[in-house]
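To start, the structure under review is shown below, and the notes come after it.
The values are calculated or read from the model by the stated rules, or taken from the named source; none is laboratory data. Note that the coordinates shown come from a computational prediction; the quantities given were computed from them, not determined experimentally. Using ideal geometry, Cβ is built from the backbone for each residue, glycine included, and neighbour counts are taken over all protein chains shown. Surface areas here come from the heavy atoms of the whole protein model, side chains and all, with no ligands, DNA or RNA. Shrake-Rupley method; radii C 1.70, N 1.55, O 1.52, S 1.80 Å.
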Amino acid sequence: HANSSKVHLGAAWNFFSGSIPTEVTKLQKLTKLFLEENDLTGKIPEAIGRIKSLESFSVWQNRDMTGTIPDSLYDLASLDHLNLAENNFHGILSSRIGKLSKLEILSIHNNQFSGTIPSELGLCDRLYFIQVDRNNFDGSFPEEVCQLQELTIFTEVPSIHFKADCLPINETSLPLLQCDCCNTCCDTTTGQCKNVN
């Protein structure tokens, strides 16, 4: 769908296969790129950051997309919705994510991400929906991110939803990710989740 100033590319729920063509990064007026529930493989194009107008990017549930988050993605200053969930991405969540100041929704659950959740995520002060469960993150959910819950009291955003691997993997083990402000905690081994707040 397009008009004189914006282009929306919705290709969800098809049977597209192969990788995302690099030509898509030349669509300078593209604001929404939805490629959910296809059979895409390969990596996110390294040049994704060229699409400066991009506000929403989703490759949810392609299952076999791989690779890391390209550095250039953190240059998408207009991005408010990022959904990489249910794929096979790996690597870390860079501290550069704090540059995505308009980000409201971050859904990267059910991948192979590791390392810690960067405290710079707390710079995304519009963020109200975070799903990072069923990954290999460890450490603690940053206090800077938890403090976002207090900010929403004075705004019109929907209620906060933070979901992570903060259930113990068994009765005696510590959770994979300590989170004092998550609404929903999951067991990364069984995939079972429960509301905790």
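Here the Karplus curve 6.51 cos²θ - 1.76 cosθ + 1.60, taken at θ = phi - 60°, turns the phi angles of the stretch 160-169 into couplings of 5, 9, 10, 10, 8, 7, 10, 8, x, 6 Hz, with x standing for Gly and Pro. Between K102 and L27, the modelled label-to-label distance comes to 1.7 nm, taking each label 7 Å out from Cα in the direction of the beta carbon. 3J(HN,Hα) along the stretch 130-147, derived from phi through the Karplus expression 6.51 cos²θ - 1.76 cosθ + 1.60 where θ = phi - 60°, amounts to 10, 10, 10, 6, 6, 10, 10, 5, 9, x, 10, 5, x, 4, 4, 7, 4, 5 Hz, with x in place of Gly and Pro.
Checking (1) 68, 47, 27; (2) 54, 38, 25; (3) 65, 40, 24 against Cα extents along the principal axes in Å calculated from these atoms, the matching label is (2). Residues in the chain average 50 Å² of solvent-accessible surface per residue, probe 1.4 Å, ligands and nucleic acids excluded. Applying 0.36 nm per residue to the separation of S17 and E143 and subtracting their alpha-carbon distance, the gain on full extension is 41.3 nm. Multiplying the residue separation of D71 and D39 by 0.36 nm and subtracting their alpha-carbon distance yields 9.1 nm. If R0 equals 30 Å, the separation of the Cβ atoms of N195 and D64 corresponds to a calculated FRET efficiency of about 0.45. Close amide H pairs (under 5 Å, H built 1.01 Å from N) link F129 with L106, H161, residues at least 5 positions away or on another chain. In the chain, the calculated helix contribution to ellipticity at 222 nm averages -500 deg cm²/dmol per residue, counting -39,500 (n - 2.57) for every DSSP H run with n ≥ 4.
Can you pick out the pairs among K26/K163; K26/K102; K29/K163; K29/K102; K102/K163 whose Cα atoms lie more than 29 Å from each other? Checking Cα-Cα distances, K26/K163; K29/K163 exceed 29 Å. Here the stretch 81-110 is scanned for amide nitrogen atoms under 18 Å from the site 7 Å beyond the Cα of R126 along Cα-to-Cβ, giving 81-84, 97-107. When the solvent-accessible area of the stretch 44-197 is split by element, carbon and sulfur atoms take up 47 percent of it, the probe being 1.4 Å.
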